[in-house]
Amino acid sequence: MVHQIHVIGGGLAGSEAAWQLAQAGIRVRLSEMRGIEATPAHQTDSLAELVCSNSFRSDDPTNAVGLLHAEMRALGSLIMAKADAHRVPAGSALAVDREGYAEAVTRAVAGHPLIELVRERVDALPADGPVIVATGPLTAAALADSIGAATGADALAFFDAIAPIVHHHSIDMDVAWMASRWDKGETKDYINCPMDKDQYLAFHQALLDGEKTAFKEWEKDTPYFDGCMPIEVMAERGVDTMRYGPMKPVGLDNPRTGRWPYAVVQLRQDNALGTLWNMVGFQTKLKHAEQVRLFRTIPGLEKAEFARLGGLHRNTFIQSPKLLDGALRLKSRPNIRFAGQITGCEGYVESAAIGLLAGRFAAAELLGRPIETPPAATALGALLGHITGGAEADGYQPMNVNFGLFPPLEGAKGGRKRKGDRKAMMAERAGEALKAWMDGGVEPA
């Protein structure tokens, strides 16, 4: 098949971009390296594989990421459709059976008559023709060098860490219990492992003392992204830091005591069968033997069997506010667009959202239609604006979507309101703006 556009990278962003283009009638060549070459973090060769958590975070439309979910669904997102189809219990969050979800995305993309999926490594940016680069934070070295040569700027970098996954049958449910915080939602979707004060303090100290992965010389000055900070790095920031983060006990009544524990370790269902559970917020760079030893000191996990232990990998991204225009094109070579985490957005949903926009923008251009960017009042527009100019280029760091990226409410809607009221009003404003944009904007053929 003779393609009209080349999409490089079959992660969430690349898969979404290819789908949007194909749905608009554009012939796509989608290049994915996995299948012929592994990465330091992926486990399979499936498209859109979820490397870290299996959660797309809150599905509440009055939350910024939940609003992004809703907007992507309205625009025919493949990633959201398959996530919804493979959802597992997670309270108000959208979590998925990671294998079923990734396999479904792969089948849909590979089966589309206008998408040619090619398992190949691309070592240099194509010299001409429309291109979307969606190689993600684990871009292969040769292509990263080519991108550096084209941008005239060094890629920034940060570390991303992976949380362990536990077999359900090995969790002691006589100690742990099922509950959602404040009993939110109709089901009790999290396994909670309680700690008293002495247990927590001992665990905190063990994290500080545990043997960790050694850095290579070129890695030593690489910063962490706060949203994926290793649990032991969190421990280094203060004795109570974890209790205000992933080990927060607030709103979790232990049915055996009727009180909140001093601290809690939560596990979230990771597959549809409920046989695998992810340790929430427990990304780590502890050595594997240390992980097994230390995490088995957690009450309820004394006999834990691990389907996957935590890990650490280096992620890279470009200085998008300096390098990209408002339609995600590289200013120095406008035939090339970037999408996904390589642009400096953070999170599965954000990555897919930028892939969705890159695909729609490229489709409009190829079809000779005007490129209409989404309004700044929408989650899509707010995230795009941050990446392509809203952020300070110097010191640019990965960012999840949040209401701080949106324009403030004005007039009567901007008065002193409770936080929840403001979020609801911003979500309502976003819905109105998205509808107006879709009614007058560029839609797939």
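Things to note:
- Sites ARG107 and ALA393 - FRET efficiency at Förster radius 35 Å, r taken between beta-carbons, to 0.05: 0.30
- Unsatisfied cross-links (Cα-Cα over 23 Å) in the set LYS197/LYS287; LYS188/LYS248; LYS248/LYS285: LYS197/LYS287
- The label point for VAL239 and the one for ARG293, both projected 7 Å from the Cα toward the Cβ, are 2.4 nm apart.
- Computed in the context of the full set of protein chains, the accessible area of the chain at 1.4 Å probe radius has 52% of its extent on carbon or sulfur.
- Crossing angle, helix 348-366 versus the chain [Cα axis fit, 0-90 degrees, rounded to tens]: 10 degrees
- Chain lengthening between ARG119 and GLU372 when straightened (0.36 nm per residue, less Cα-Cα): 87.8 nm
- The residues of the chain expose, per residue, 41 Å² of accessible area to a 1.4 Å probe.
- Computed over the stretch 56-197: relative contact order in percent, which uses C-alpha pairs under 8 Å that are six or more apart: 18 percent
- Under the criterion of Cα pairs below 8 Å and six or more residues apart, the relative contact order for the chain equals 22 percent.
- Gaussian network model of the chain, springs between alpha carbon atoms under 10 Å - residue of LEU47, LEU12, LEU330 with greatest fluctuation: LEU330
- Seen against the Cα atoms of the chain and their longest principal axis, helix 141-151 is set at about 50 degrees.
- Legend: calculated FRET efficiency, ASP439 to SER170, from the Cβ-Cβ distance at R0 = 56 Å, rounded to 0.05, equals 0.60.
- Each peptide in 163-173, 375-385, 79-89 receives the mean, over its residues, of other Cβ atoms within 10 Å, and ordering these scores from highest gives 375-385, 79-89, 163-173.
- Check: the chain dipole with +1 on Lys, Arg Cβ and -1 on Asp, Glu Cβ, in debye: 680 debye
- Most fluctuating residue given options TRP182, TRP277, TRP260, as computed from a GNM of the chain linking Cα atoms under 10 Å: TRP182
- Convex hull volume per residue for the stretch 283-333, taking Cα atoms only, in Å³: 147 Å³
- Spin-label pair ARG259/ASP209, simplified geometry with 7 Å Cα→Cβ offset, distance in nm: 2.7 nm
- Potential lengthening of the chain between GLU302 and GLU410 amounts to 33.5 nm, from the contour at 0.36 nm per residue minus the alpha-carbon distance.
- Modelled spin-label separation between MET425 and THR275, with each label point placed 7 Å from Cα along the Cα-to-Cβ direction: 5.1 nm.
- With 0.36 nm allotted per residue and the present C-alpha distance subtracted, the ASP183-ARG418 stretch has 82.3 nm of extension available.
- The Kirkwood radius of the stretch 167-213, taken over pairs of alpha-carbon atoms, gives through the Stokes-Einstein law at 25 °C and 0.890 mPa s a diffusion coefficient of 189 µm² s⁻¹.
- Residue ranges 289-298, 267-276 sort as 267-276, 289-298 when ordered by packing (mean number of other C-beta atoms within 10 Å per residue, highest first).
- Between the helical axis of 64-74 and the longest alpha-carbon principal axis of the chain there is an angle of about 50 degrees.
The values are calculated or read from the model by the stated rules, or taken from the named source; none is laboratory data. Please read these numbers as outputs of a predicted model, since none were measured by experiment. Reconstructed Cβ throughout: ideal geometry from the backbone, glycine too, with neighbour counts over all protein chains shown. Please note that ligands, DNA and RNA were not included when accessible areas were found on the heavy atoms of the full protein model with its side chains. Shrake-Rupley method; radii C 1.70, N 1.55, O 1.52, S 1.80 Å.
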